[in-house]
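J.: My questions will all concern the structure given below.
The values are calculated or read from the model by the stated rules, or taken from the named source; none is laboratory data. Keep in mind that this is a model prediction, so the values were computed, not measured. Cβ placement follows ideal geometry from the backbone for every residue including glycine, while neighbour counts extend to all protein chains displayed.
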Amino acid sequence: MSTTVAKALSLLDHFSESEPEIGLSELARRSGVDKATVHRMLGVMCDYGLLEKRGDARLYRLGAGVLRLARVRETAFPVSSVFQQSLDSLSAEIGETAHASLVSGRALATIGISEANRGSRVSLVAGEMLPMHSTASGLVVLAYARPDFVDRALSEPLAARTSRTITDPNILRARLQQVQLTGYAESDQTNEDDVYGIAVPVFDNNGDPAGAIAVATPAHRMTNDLRQQIITALFEQAEKLTFSTGGRAPGSFAALAAKVRQG
């Protein structure tokens, strides 16, 4: 993919449920691309329906073309409704927020959330992009991803999301080896302060990680008993999701899942 196309499409990642409209100047600032170039990119995407400009407000938002593509994707490969059932089940069983994400370029796109029904809980935003290096979901995907994918993901500048974020690629690679031994990944306040996440991968029909299913809880509420309960429930739902979406888990992961089932 050419650098120009990549930069243009990356602008779409800045839109979210919490920030559905963004101005030209702000998009230029966030992307690090000069304003004139960003303006041309936005114009082309508006022409193709991926973005639209709201009147004279000089604000851009996702266009109807994105909705059309999303409907085509969900009709041909229905995953959102399937994942949501597992998330609702997880959240009800564990009492914490459950979320699912799918690989989207070099990051993860949040496709489903089921928040805990309690005052103190972790909240996520639909469509939020999750970094690979600082989240449990990202680490567990990288642990089972092909080497070239891992190389690309760790070759980019890795931002420190909190004081605990690991940004050294060598240390992260060592972490990935540890994740392979357990089948799940944990992140203790490495992406957001006072948030503890645990994630398990979901695989596609090639045996590659398609994404992850995870539980996030306030870090101060995490205990050994809760941790084990989350891990057991995640493996159960991840296996169901891999099967129901036509995927297949590699033998090494299947063996770990069997051990978890046996206690």
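J.: Whether any residue in the stretch 36-46 is in contact with a strand residue (DSSP E or B) (Cβ under 7 Å, 6 or more places away or on another chain) and farther than 25 Å from R152 by Cβ is what I want to check.
T.: First, the residues of the stretch 36-46 that are in contact with a strand residue (DSSP E or B) (Cβ under 7 Å, 6 or more places away or on another chain): 42, 45-46.
From what is left, the residues that are farther than 25 Å from R152 by Cβ are 42, 46.
Looking for residues that are in contact with a strand residue (DSSP E or B) (Cβ under 7 Å, 6 or more places away or on another chain) and farther than 25 Å from R152 by Cβ, one finds at least one in the stretch 36-46, hence yes.
J.: Being more than 24 Å from the chain's Cα centre (by Cα) and either farther than 15 Å from T4 by Cα or in contact (Cβ under 8 Å) with a residue 24 or more places away in the chain (or both) is the filter here; which residues of the stretch 21-36 pass it?
T.: If the condition is that a residue be more than 24 Å from the chain's Cα centre (by Cα) and either farther than 15 Å from T4 by Cα or in contact (Cβ under 8 Å) with a residue 24 or more places away in the chain (or both), then G23, L24, S25, V33 are the ones that fit.
J.: State the number of residues belonging to the stretch 46-84 that are over 30 Å from A238 (Cα atoms), hydrophobic (A, V, I, L, M, F, W, C) and not in a loop (DSSP other than H, G, I, E, B).
T.: The initial filter retains those residues of the stretch 46-84 that are over 30 Å from A238 (Cα atoms), namely 46-65.
Filter once more, keeping what is hydrophobic (A, V, I, L, M, F, W, C): 46, 50-51, 57, 59, 62, 64.
Now restrict to residues that are not in a loop (DSSP other than H, G, I, E, B): 46, 51, 59, 62, 64.
Final tally of qualifying residues: 5.
J.: Looking at the stretch 3-20, which of the residues that are closer than 24 Å to E156 by Cβ and of a type in the set (D, E, K, R) is farthest from the chain's Cα centre (by Cα)?
T.: Only one residue tops the list, namely K7.
J.: Pick from A160, A210, A216: which is surrounded by fewer than 16 Cβ atoms within 10 Å (Cβ to Cβ), within 18 Å of the chain's Cα centre (by Cα), of a type in the set (G, A, S) and not in a helix (DSSP H, G or I)? Working first, answer last.
T.: Values: A210 fails: surrounded by fewer than 16 Cβ atoms within 10 Å (Cβ to Cβ); A216 fails: surrounded by fewer than 16 Cβ atoms within 10 Å (Cβ to Cβ).
It is A160.
Here's the yes/no breakdown for (1) outside the structural domain of G127 (by TED's automatic domain parsing); (2) within 30 Å of I230 (Cα to Cα); (3) surrounded by 14 or more Cβ atoms within 10 Å (Cβ to Cβ):
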| site | (1), (2), (3) |
| --- | --- |
| P20 | yes, no, no |
| R30 | yes, no, yes |
| T37 | yes, no, yes |
| M45 | yes, no, yes |
| R58 | yes, no, no |
| L62 | yes, no, yes |
| Q85 | no, yes, yes |
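J.: Quickly run through the stretch 237-249 and pick out the residues that are of a type outside the set (A, V, I, L, M) and either in contact (Cβ under 8 Å) with a residue 60 or more places away in the chain or crowded, with 18+ Cβ neighbours inside 10 Å (or both).
T.: Listed by number, the residues that qualify are Q237, E239, K240, T242, S244, T245, G247.
J.: Another question about this same structure. Sort out which residues of the stretch 49-76 are modelled with pLDDT under 90 and of a type in the set (S, T, Y), and write them in order of number.
T.: T75
Yes/no per residue for (1) buried (at least 22 other Cβ atoms within 10 Å of the Cβ); (2) without any contact (Cβ under 8 Å) to a residue 60 or more places away in the chain:
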{"residue": "I111", "(1), (2)": "no, no"}
{"residue": "V122", "(1), (2)": "yes, no"}
{"residue": "A126", "(1), (2)": "no, no"}
{"residue": "A136", "(1), (2)": "yes, no"}
{"residue": "S155", "(1), (2)": "no, yes"}
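J.: Mind checking whether some residue in the stretch 177-192 is over 27 Å from R106 (Cβ atoms) and among the small types (G, A, S)?
T.: From the stretch 177-192, those over 27 Å from R106 (Cβ atoms) are none; that's our starting set.
No, the stretch 177-192 contains no residue that is over 27 Å from R106 (Cβ atoms) and among the small types (G, A, S).
J.: Here's a follow-up. For the stretch 94-111, enumerate the residues that are of a type outside the set (G, A, S) and more than 11 Å from the chain's Cα centre (by Cα).
T.: The first filter runs over the stretch 94-111 and keeps only residues of a type outside the set (G, A, S), leaving 94, 96-97, 99, 102-103, 106, 108, 110-111.
Once the filter is applied, which keeps residues that are of a type outside the set (G, A, S) and more than 11 Å from the chain's Cα centre (by Cα), the stretch 94-111 yields I94, E96, T97.
J.: Do we have any residue at all in the stretch 166-176 that's assigned to a strand (DSSP E or B), of a type in the set (V, I, T) and touching a residue at least 12 places away in the same chain (Cβ under 8 Å)?
T.: No, because not a single residue in the stretch 166-176 is assigned to a strand (DSSP E or B), of a type in the set (V, I, T) and touching a residue at least 12 places away in the same chain (Cβ under 8 Å).
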